[in-house]
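The values are calculated or read from the model by the stated rules, or taken from the named source; none is laboratory data. Remember, it's a predicted structure, so these values are computed and weren't measured experimentally. Cβ atoms come from the backbone with ideal geometry, glycine included; neighbour counts cover every protein chain shown. Surface accessibility is based on the protein's heavy atoms, side chains included, excluding ligands, DNA and RNA. Shrake-Rupley method; radii C 1.70, N 1.55, O 1.52, S 1.80 Å.
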Amino acid sequence: MPKLHITLSALTLSILASSSWANEQVAMRQDVTLPLANQLLDATLSACHAEGRSAVVAVVDRGGNLVALQRDDNVGPHNTLAAQRKAFTALSTKTPTRLLAERARSTPDAENLNTLDELLLLGGGVPLKVGDQVVGAIGVAGAGGAANDEACALKAIEQILSIHQ
């Protein structure tokens with residue numbers, strides 16, 4: 001019986017050691033969930049509606065995957081893709097798209113960003129941060145210009161992410 005006990009103890013240690021190793025090899029990161037994305041969508045559209053504007057809002061997770069999207073009635077169909085691309089651009093560059101567009105216009109090193117089909121250098125895309133980590137992004141289009149798009153997103157982020165931090 002003592003030999004069996006020693007074998008089981010060695011097996012237990014081996015399992016614990018391997019699971020500890022596996023935990024060190026697997027990244028644990030915060031990410032945007034569907035409930036959070038839906039809260040952000042609702043808050044963004046409410047912010048736009050408070051200003052008498054309609055819009056399309058897209059939220060992507062930290063991998064750039066579309067989590068949720070809502071479009072007000074009577075918003076042009078091109079705005080749906082624009083909102084998604086703004087969100088992707090903000091996530092990918094970890095920079096608000098308005099600022100990125102300004103840099104592309106004024107900085108020779110950044111002007112080539114306009115040549116990347118995946119990026120959309122129009123204001124309205126804002127990274128979603130928890131602490132210093134970018135966990136996703138929000139993109140807004142169709143609210144009557146880049147400044148309005150961004151303003152709706154920023155109001156929602158301030159309202160919703162402050163609850164979650």
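At a glance:
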| quantity | calculated |
| --- | --- |
| Relative contact order [Cα under 8 Å, 6+ residues apart], region 31-162, whole percent | 30 |
| Projected label distance in nm at GLN133 and THR107, using a 7 Å step from Cα toward the beta-carbon | 2.6 |
| Matching label, Rg and Dmax of the Cα atoms in Å computed from the structure shown, candidates (1) 15.7, 58; (2) 16.0, 49; (3) 21.7, 79 | (3) |
| Projected label distance in nm at ASP73 and GLU51, using a 7 Å step from Cα toward the beta-carbon | 2.3 |
| Theoretical gain in end-to-end length, ASN65 to ARG29 [0.36 nm per residue, Cα-Cα removed] | 11.4 nm |
| DSSP loop trypsin sites (Lys or Arg not before Pro) with at most 12 other Cβ within 10 Å excluded, longest remaining stretch of the chain | 95-165 |
| Cα-based helix-to-principal-axis angle, 2-25 vs the chain, degrees rounded to 10 | 20 |
| Amide proton proximity set for ALA55, modelled H, under 5 Å, gap of 5+ | ASP72 |
| Whole-Hz ³J(HN,Hα) from phi, Karplus 6.51 cos²θ - 1.76 cosθ + 1.60, for region 149-160, glycine and proline x | 4, 5, 4, 4, 5, 5, 4, 5, 4, 4, 5, 7 |
| Aspartates and glutamates whose Cα lies under 16 Å from that of LYS155, excluding same-chain neighbours fewer than 8 positions away | ASP42, GLU51 |
| Acute angle (nearest 10 degrees) that the helix 34-50 long axis makes with the longest principal axis of the chain, alpha-carbon atoms | 20 |
| Whole-Hz ³J(HN,Hα) from phi, Karplus 6.51 cos²θ - 1.76 cosθ + 1.60, for region 122-129, glycine and proline x | 10, x, x, x, 9, x, 9, 10 |
| Ranked order, LEU119, LEU69, LEU34 - accessible area, probe 1.4 Å, largest first | LEU34, LEU69, LEU119 |
| Within the accessible area of the chain (1.4 Å probe), percent carbon and sulfur | 55 |
